[in-house]
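The values are calculated or read from the model by the stated rules, or taken from the named source; none is laboratory data. Every value quoted in this text rests on a predicted model; they were computed, and no experiment measured them. All Cβ positions, even for glycine, are placed from backbone atoms using ideal geometry, and neighbour counts span all protein chains on display. Please note that ligands, DNA and RNA were not included when accessible areas were found on the heavy atoms of the full protein model with its side chains. Shrake-Rupley method; radii C 1.70, N 1.55, O 1.52, S 1.80 Å.
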Amino acid sequence: MTGLAPIVVHPPSPSGGRRVTVGREILGTAYGVADLYEFLRRAGWDPDDIRLDDQGQITWQGGGPGAW
């Protein structure tokens, strides 16, 4: 995981879901934690190493992992 760009989960959109970015790359719109893990897995992150409450790994904008 070292050297990978920071993960940002953007605020919930009015139509539902949250955009997920890593660095400047948009990974997609997540509609729940399962989507987030899948996007990150595809981007090279090991899902077992992801800690949703670790602010050093993930920046949550507009609400934490319970806000979708």
TODO: Please work out which one of (1) assigned to a strand (DSSP E or B); (2) open to solvent by less than 60 Å² (accessible area, probe 1.4 Å) is the condition Leu36 fails and give its number.
DONE: (1)
Open item on the list: Being at pLDDT 90 or above, part of a loop (DSSP other than H, G, I, E, B) and surrounded by 16 or more Cβ atoms within 10 Å (Cβ to Cβ) is true for just one of Pro65, Pro12. Which residue is that?
Closed with: Pro12
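If we keep just the residues of the range 39-62 that are of a type in the set (Val, Ile, Thr) and either in a strand (DSSP E or B) or touching an Asp or Glu at 6+ places or on another chain (Cβ under 7 Å) (or both), which is most open to solvent (accessible area, probe 1.4 Å)? Break it down into steps so the answer makes sense when it comes.
Filtering the range 39-62 down to residues of a type in the set (Val, Ile, Thr) leaves 50, 58-59.
Next, only the ones that are either in a strand (DSSP E or B) or touching an Asp or Glu at 6+ places or on another chain (Cβ under 7 Å) (or both) stay: 58-59.
Details: Ile58: 2, Thr59: 63 Å².
Among residues in the range 39-62 that are of a type in the set (Val, Ile, Thr) and either in a strand (DSSP E or B) or touching an Asp or Glu at 6+ places or on another chain (Cβ under 7 Å) (or both), the one most open to solvent (accessible area, probe 1.4 Å) is Thr59.
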Task: Selected residue (criterion: most open to solvent (accessible area, probe 1.4 Å)) from residues of the range 15-27 that are at pLDDT 95 or above and closer than 19 Å to Gly64 by Cβ - done: Arg19
- [ ] List the number of the failed condition for Thr21; all other conditions in (1) of a type in the set (S, T, N, Q); (2) out of contact with any strand residue (DSSP E or B) (no Cβ under 7 Å at 6 or more places or on another chain); (3) part of a strand (DSSP E or B) hold.
- [x] (2)
